[in-house]
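Read through the structure below, which is laid out as structure tokens, and then see the notes.
The values are calculated or read from the model by the stated rules, or taken from the named source; none is laboratory data. No experiment lies behind these values; they were computed from the predicted model shown. Heads up, the Cβs are rebuilt from the backbone with ideal geometry, glycines too, and the neighbour counts pull from every protein chain shown.
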Amino acid sequence: MILILRKQFRPKASLLTLLLSTALSATAQNVPHLNQLLLGPCKLSGITEVLQCGKLTVFENRATRIGRKLDLNIVVLPALDPDAKQEPLFDLAGGPGVASTESARLYATELKQYRQHRDVVLVDQRGTGKSNPLNCQRDSSPQSFLDEMYPVKYVTECRDDLRKRADLSRYSTPTAVDDLDDVRAALGYDKISLFGLSYGTRAALVYIRQHPSHVRSAVLMGVAPTNNVLPMAIARDGQRALTLLLQECEADRDCHAAFPNIQSELIDLLARLGKRPVHATYALPENGKIARVTIYRDPFAEKLRTQLYEADKSRSLLYIIHEAARGKFAPYQDVAIPADRQTPDHISDGMYLSVTCAEGTRSIPAELSARLNRDSVFGTYRLAQQQRACSLWPAKELPKSYQQPVTSSVPVLLISGHMDPITPPSWAADAAAHLPHSRHVVVPHHAHFPAGLTHMECFDKIILDFLAHPDAKQLDAKCVNEMLPPPFKLGDSANSRTEFMRLSLPRTIPSSKMEGSLEPLHDY
């Protein structure tokens, strides 16, 4: 889902606008290094109601407060019942590199109930969306989606281009959450609630650490605490999720009958690809012409790993492996190469590298990662790709103290997917050990994103109950046991595909970056 902010119209100032402007101006006077924040009515693509949009100017270098300034892009979706308002909800996007304002359409439609008693505030983190995005131009050929994650030429050209308009060492999580607190102050809020998904959970935790007095509560889904450095154990955690999937298939009569030797098929397939890549053909969707492509072992395995992020996509993974083992790579190409290759990726690669390189990726000991991931079919490819990219990237590494666990008495709800391949439940349990007023809910069939699960209203019930009563000692989360995944995809028959698509619900949750045609190359 990519939302485009249309050019703001400027009607004659209403009394409400004047009152809001006066209040915001008075607040901004207490934050003298900021320009005044003015919200105005705006229309966003795909949303019928009029929202409030604005910009807040901050210094790129917050330490010196001189030099380049950045305009933070802000969208406020007002509470539906302003007479019974609670603290606002700030939605922190994943990635790192996803724009928070991409979630506006969800909060205007399917998640409107979250706004019943609270404003929802979306701020594009510096380096994303319309806040000086650190986007880079990728090759759009079919082969480019089957090649390395971070080719050296791409990284160096991306770096050199972005340096013309950004100091890449100034785009870290601690800096971004200070920006966020400036927005909070300029909007006149005292306490806020935070919602973070994936990398957004890390940003939320760092905000709690740096601005604890302004947090009422926090909801963290797919928890990436500061003391877990990605992608150090990414292959190990991906292998865990794959093993769980294989166990579910073995226990499922139809799946086991369709793929009785799927594990050995995968091992043999990867071994063959490791010895010699496969040359295949790909029919271009735009004109039907045939392109020649080459499939390599490590990028192939990494694409398989990303299929584990969602319940519905993971249920087609074994079919993809089985077909590839038979020399049929069309199902794999369908998930690896987007139908519209011209659609820009909604992950900002420059932002992703600036954040992850600063937060420890380049300093992960190779021998430690090799030991952690030695039993995984995914190997150390992902780590090697990111560390090589980080060796070319000018991010300034954060002090070791940043990686200490976040300790706070703020009420926190942590939600984990038992099948999560990137932020498994053990990560949330580790974070919860330092959050004495936290509750941890593990959803049996949930992966990293919940697309495809039945009874999606369960998430809303749990989260809204918590936000309404964050200090309550009890939280009813029994409904997670009713959130079942779709059936395994066993073949390419019309009936199988129809049933698979029927249960693969399009519904997502706040901050999810999965509302698009591109596969996630990277995400916490």
By residue number, the members of the range 45-100 that are over 16 Å from Arg126 (Cβ atoms), out of contact with any Ser or Thr (no Cβ under 8 Å at 6 or more places or on another chain), outside any loop (DSSP other than H, G, I, E, B) and at pLDDT 95 or above are Leu51, Gln52, Cys53, Val76, Leu77
Of (1) over 14 Å from Asp349 (Cα atoms); (2) not in a helix (DSSP H, G or I), Ser144 fails just (2)
Taking the range 289-310 and keeping only residues that are assigned to a helix (DSSP H, G or I), under 21 Å from Ser198 (Cβ atoms) and either at pLDDT below 95 or of a type outside the set (A, V, I, L, M, F, W, C) (or both), one is left with Glu302, Lys303, Arg305, Thr306, Gln307, Tyr309
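Taking the options Arg305, Arg315, Arg272, name whichever one is charged (D, E, K, R) and surrounded by fewer than 21 Cβ atoms within 10 Å (Cβ to Cβ).
Criteria check complete, one pass: Arg272.
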Given the structure, is Ile347 crowded, with 21+ Cβ neighbours inside 10 Å, in contact (Cβ under 8 Å) with a residue 12 or more places away in the chain and aliphatic (A, V, I, L, M)?
yes
Matching residues in the range 327-385 (out of contact with any Pro (no Cβ under 7 Å at 6 or more places or on another chain), under 16 Å from Ala301 (Cα atoms) and outside any helix (DSSP H, G or I)) number 11
Going by what's in this entry, would Glu265 be described as without any contact (Cβ under 8 Å) to a residue 60 or more places away in the chain and either in contact with a helix residue (DSSP H, G or I) (Cβ under 6 Å, 6 or more places away or on another chain) or crowded, with 18+ Cβ neighbours inside 10 Å (or both)?
no
The lone condition Gly46 fails out of (1) under 30 Å from Ile422 (Cβ atoms); (2) in contact with a Lys or Arg (Cβ under 7 Å, 6 or more places away or on another chain); (3) surrounded by 16 or more Cβ atoms within 10 Å (Cβ to Cβ) is (3)
Within the range 451-476, residues in a loop (DSSP other than H, G, I, E, B), surrounded by fewer than 21 Cβ atoms within 10 Å (Cβ to Cβ) and not acidic (Asp, Glu) come out as Thr454, His455, Met456, His469, Pro470, Ala472, Lys473, Gln474, Leu475
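Going through Pro260, Pro277 one at a time, which residue ends up being without any contact (Cβ under 8 Å) to a residue 40 or more places away in the chain and either of a type in the set (S, T, N, Q) or in contact with a strand residue (DSSP E or B) (Cβ under 8 Å, 6 or more places away or on another chain) (or both)?
None of the others qualify; the one that does is Pro277.
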Note: among Trp427, Trp393, just one is surrounded by 19 or more Cβ atoms within 10 Å (Cβ to Cβ), in a helix (DSSP H, G or I), in contact with a Ser or Thr (Cβ under 8 Å, 6 or more places away or on another chain) and at pLDDT 95 or above, namely Trp427
Note: among Glu110, Glu102, just one is within 21 Å of the chain's Cα centre (by Cα) and buried (at least 20 other Cβ atoms within 10 Å of the Cβ), namely Glu102
